[in-house]
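Some notes on the structure that comes next.
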């Protein structure tokens, strides 16, 4: 039997809400797929939009971005800025040919341990269906003589 | 053109400005940027259908600013650039005088208020051919778009003609120039080209006046202006804010509304 | 040693096929939208016989991005992978004579003190078939630099169109001879009375030797500030140029592995001479513009015995603000 493709998921999450929420998932002993590598940042406002491209070019098949709900940002407005940024960058990525089905955005609070598990499972299942994402990673070998 | 020549002569003779930035005859039928300082040479200024390049990029060029107070022959996109530069504190009202070309007339616009009024009367749509191309691209599948940009950007040599000709790319240390860490690869391989053009489009979203000078500047004919146009259109549609509308900063990407509406965040 | 043969359009097609089946990559000036590009050519019809490609063919021997070495960490050790240049045998078919000449200017730099193995490997595997120009444009100025539209220098074979159709192929080097042998095409010698289509007329705009002498006294001239006012400091001129050779070295690495790349660079860009201290000896565009002119027309001939320019005019055509090099040089040569 052929080995099933297991997607590599990278998650960029904010420290105060989603990271704490993911911690709660663990302490609540809620199981979820282990394909995700979590990268903690102070705030979604700090997430450079190019981090998504960096994740893909390094071999991620899917990316998750998650932070505090609007109005709950630990730094007051970081997530508002992030939201605006994603509203534009998402469209631009699509325009330039990046597969948006592989990028998942969410607000997960420190109390939403169950939501984090659900989010990761769904995103991972979606990307597993889609298969490996080599299109950006392959670019690293193109155009160098 | 005569009206422009006499205006320029008047301004230079009186010492009101030290240089008139405008268009002059170039190689063959082309037009090139010229910098008239002597009143006797005001006749070199040309205004015709070939004068489309956005000259506002010179308003932030140190060597040009060093000449003294500037007058600039301004097509509508140049006027918008002046407003955006003013909004971003890169241009003072007393440093630059606009000689606006609107509907074939030359109007001296000495204040940003006057420029705002003037641009409000000029329709803001991008050219038909460019809009058609954007529509064509948005109608394609993601894979088709990826192939399109891979083919186009494959020609990119990272000469930065696009960046250098853009009035809004005035940063003395562009993100491309910072190397600890080198965030976006400098080399013109496939990934380096894709990332650079993505970043540039994002950095212009909400600031671009849609003059198309970047695309015209590209020596290998990549329609890079379509990327910045698209980013700008996205901002306008989503937030109702746009580049070059007025001299007070209203930058979509550094502001927000608590109830900004999106459809994709779970 | 040169021998002349007739090549018809048909035999050129056969020649190209023969070369490709013998493992050569055939590149030449090809139409791409409203531009000319150096791209793969398969038949005679692919070749654009007059006009200049936007970007030169130098990428064949000096690519815009080239890997020099790779490494990876294996535990505490570094495994270094030296890179051998992938020098695919290539024939540049239908190149302008100015471009053919330009390879020499690259060669003198890449073999000046250390011998660049990458350039040399690629150069050794590249054969150049030039094509005489019967048309030129406003930006061309080969004749100001001691050359002409049917210059043989730099070509292994030079094709010149015949009035009666077809081309006279002048075989100039052993490499050229070997190329023809490779293709196994039957070759007839050119009849004595075969008339050539006259090459293009390119009126000289200035004299390179006179310019070189004048430049010595012009270092502090206000001319450079004047000419460079509109220059944007991008790299378009340097990157399309067949003789420009400046490069940047970029190390792209992460904690596990890395590669060292060589990429084109331009002296017109502000960062080119920025020191780590923050000092920049060429901080003004006028200094960079002056450097460009002096490098090509004064330092090169003085130190390397050849001009750093072949008068192809690609720089002028590519420049977004119409810095017409021919015009600038003529002005520099004529003013006192």
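Most fluctuating residue of A:19, A:75, A:133 in a GNM of chain A with Cα springs under 10 Å: which is it? Ranking A:19, A:75, A:133 by mean-square fluctuation puts A:75 first.
Estimated from helices alone, the mean residue ellipticity of the protein assembly as shown at 222 nm is -10000 deg cm²/dmol (sum of -39500 (n - 2.57) over DSSP H runs with n ≥ 4, per residue).
In the elastic network of chain A, a GNM with C-alpha springs shorter than 10 Å, the most mobile of A:91, A:99, A:61 is A:91.
Between residue B:178 and residue B:18, full extension at 0.36 nm per residue minus the direct alpha carbon distance yields a gain of 54.1 nm.
Taking only C-alpha pairs under 8 Å that are 6+ residues apart, what is the relative contact order of chain C in percent? Dividing the mean separation by the residue count of chain C yields 22 percent.
Any chance you could check the Cα centroid distance between region C:2-27 and region B:233-250 for me, in angstrom? Rounded to whole Å, the Cα centres lie 58 Å apart.
Residues of region C:164-181 falling in the label zone of residue C:22, defined by backbone nitrogen less than 17 Å from a point 7 Å along Cα to beta-carbon, are C:169-181.
Annotation for residue C:275 and residue C:113: the two label points, set 7 Å from Cα along the Cα-Cβ direction, are 1.9 nm apart. Peptides C:212-219, B:138-145 ordered by packing proxy, namely the average of other Cβ atoms within 10 Å per residue, highest first: C:212-219, B:138-145. Which shape class applies to the protein assembly as shown: rounded if a/c is under 1.5, otherwise prolate when a/b exceeds b/c and oblate if not, where a ≥ b ≥ c are the square roots of the Cα gyration tensor eigenvalues? It is oblate, given that a/c is not under 1.5 and a/b is not larger than b/c.
Per residue, the average separation of C-alpha pairs within less than 8 Å and at least 6 apart gives region B:2-120 a relative contact order of 21 percent. Between 0 and 90 degrees, the angle of helix B:142-153 with respect to the longest Cα principal axis of chain B falls at about 50 degrees. Here the gap between residue B:151 and residue B:139, fully extended at 0.36 nm per residue and compared with their Cα-Cα distance, gives a gain of 2.5 nm. Protection proxy ranking of C:117-126, C:36-45, C:59-68, by the mean of other Cβ atoms within 10 Å over each peptide's residues and highest first, is C:59-68, C:117-126, C:36-45. Separation of region B:13-55 and region A:2-20 by C-alpha centroid, Å? With region B:13-55 and region A:2-20 each reduced to a Cα centre, they are spaced 58 Å. Placing a label point 7 Å from the Cα of residue A:74 along the Cα-to-Cβ direction, the residues of region A:1-25 whose backbone N falls under 20 Å from that point are A:11-25. Overall form of region B:18-61: oblate. Here a/c, set by the Cα gyration tensor axes a ≥ b ≥ c, is 1.5 or more, and a/b is not larger than b/c. Counting Cβ atoms of other protein chains within 10 Å of each residue's Cβ and taking the mean over peptide A:92-102 gives 6. Look at the stretch B:191-203: the mean tally of other chain Cβ atoms within 10 Å of its residues' Cβ atoms is 5.
For the modelled label position 7 Å from the Cα of residue B:69 along Cα-to-Cβ, which residues of region B:12-51 have backbone nitrogen atoms closer than 14 Å? Taking a point 7 Å out along Cα→Cβ of residue B:69, the residues of region B:12-51 whose backbone N falls under 14 Å are B:12-20. For region C:3-334, what class follows from the C-alpha gyration tensor (a ≥ b ≥ c being the square roots of its eigenvalues): rounded when a/c is under 1.5, otherwise prolate if a/b is larger than b/c, else oblate? Judged from the Cα gyration tensor, region C:3-334 comes out oblate (a/c at least 1.5, b/c at or above a/b). Averaged over the residues of C:224-233, the number of partner chain Cβ atoms lying within 10 Å of the residue Cβ comes to 5. Between region A:28-84 and region C:279-323, the alpha-carbon centres lie 48 Å apart.
Any read-out appearing in this document is the output of simple, stated calculations on the displayed coordinates, not a laboratory observation. Because the structure is a prediction, the values reported are computed rather than measured. FYI the Cβ positions are ideal-geometry reconstructions off the backbone, even for glycines, and counts take in every protein chain you see.
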